Amino acid sequence: MTGDKTTHFGCEQVGWVEKVRRVGAVFDSVADKYDVMNDVMSFGVHRVWKRFAIELSGVHKGSRVLDLAGGTGDLAARLARMAGADGEVVLADINGAMLERGRARLLDQGIAGTVRFVQANAECLPFPDNHFDCVTIAFGLRNVTDKDAALRSMYRVLKPGGRLLVLEFSKPTLPGLAPLYDLYSFKLLPLMGKLIANDAESYR
Ligand SMILES: C[S@@+](CC[C@H](N)C(=O)[O-])C[C@H]1O[C@@H](n2cnc3c(N)ncnc32)[C@H](O)[C@@H]1O
């Protein structure tokens with residue numbers, strides 16, 4: 001039964017079903033402005049984090065890779081270049097609007113043909129056991145309602161010895177940084193969302 005279970009949605013505690021609904025609504029709403037907002041909100045630094053993660057992936061020509069919660073395809077695009085024509089790169093996301101946006105971007109970059117787009121929930125992946133050399137999930141795990149189920153599902157589709165890369169935010173550990181980070185998160189982000197995407201709520 002999932003009816004009584006609660007989880008976090010931002011700073012709120014909500015029921016599981018409500019979280020799925022809200023996460024879906026956020027990404028339906030932000031899909032069109034998602035990439036520009038990423039650049040603005042992180043001052044472009046998300047590109048460095050993603051490059052760093054990819055460097056740890058061990059992906060090479062012929063690798064089979066799943067970019068989960070892949071959204072608009074930043075990681076999948078890089079991974080597709082690394083895996084080459086003999087490899088397999090799957091971009092999976094639960095949200096149709098984000099997948100559409102990702103497909104359009106990768107088409108523009110001339111690499112959509114080498115990536116398979118699959119609408120899927122991380123909690124019950126529709127892929128065979130022991131299939132992928134690498135699974136990546138960037139800024140996606142926090143959006144998943146049943147994280148244990150998702151991690152089990154990722155483990156199942158990874159080959160023995162395969163690699164899982166989880167790129168995610170954490171809590172500031174530098175002394176004095178926490179108040180600045182809170183100011184940025186609670187005040188600046190919604191303001192940027194309002195000004196650029198006309199949607200403060202999704203960035204709260
Ligand atoms: C913040 S975006 C990250 C997109 C991309 N990985 C990036 O780093 O730019 C989070 C993505 O997670 C997806 N997502 C949320 N819950 C999911 C789930 N249960 N299964 C698969 N994808 C999910 C959303 O639809 C959204 O595209």
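Values in this text are rule-based calculations from the coordinates and carry no lab data. Worth saying up front: this structure is predicted, and the values here are computed from it rather than measured. Glycine gets a Cβ as well: all are built from the backbone with ideal geometry, and neighbour counts include every protein chain shown.
Worth a mention:
- A cut-off of 5 Å between modelled amide H atoms, ignoring neighbours fewer than 5 places along the same chain, links Ala200 with Lys194.
- Taking a ≥ b ≥ c as the square roots of the eigenvalues of the alpha-carbon gyration tensor, the range 55-120 is classed prolate because a/c is 1.5 or more and a/b outweighs b/c.
- Toward the positive end of the charge dipole of the chain, with +1 on the Cβ of Lys and Arg and -1 on the Cβ of Asp and Glu, the farthest Cα among Leu99, Pro128, Gly84 is that of Gly84.
- With contributions of -39500 (n - 2.57) from each DSSP H run of at least four residues, the per-residue ellipticity at 222 nm computed over the chain stands at -12500 deg cm²/dmol.
- Taking every alpha-carbon pair under 8 Å whose residues sit at least 6 apart, the range 108-204 reaches a relative contact order of 23 percent.
- Span from the the range 166-203 Cα centroid across to the the range 28-105 one, whole angstrom: 22 Å
- In the range 102-183, chymotrypsin sites (Phe, Trp or Tyr not before Pro) in a DSSP loop with at most 15 other beta-carbon atoms within 10 Å: Phe169
- Cα gyration tensor category, rounded, prolate or oblate, for the range 73-194 with a/c compared to 1.5: prolate
- Charged-residue dipole, Cβ positions (Lys, Arg, Asp, Glu), the range 45-167 about Cα centre, Debye nearest 20: 300 debye
- Its residue count N sets the reference 2.2 N^0.38 Å, and the alpha-carbon radius of gyration of the chain equals 1.03 times that reference.
- Cβ charges +1 (Lys, Arg) and -1 (Asp, Glu), total dipole of the range 4-68, debye: 260 debye
- Mean separation of Cα pairs under 8 Å and 6 or more residues apart, divided by the residue count, gives the chain a relative contact order of 19 percent.
- The antiparallel fraction among DSSP beta bridges confined to the chain stands at about 15%.
- For the range 1-103, the relative contact order is 23 percent, taking Cα pairs closer than 8 Å that sit 6 or more residues apart in sequence and dividing their mean separation by the residue count.
- Angle in degrees between helix 16-30 and the longest Cα principal axis of the chain, rounded to the nearest 10: 90 degrees
- 37 °C / 0.692 mPa s Stokes-Einstein diffusion coefficient of the range 1-53, Kirkwood radius on C-alpha pairs, µm²/s: 250 µm²/s
- Cα gyration tensor shape for the range 49-93, rounded if a/c is under 1.5, else prolate or oblate: oblate
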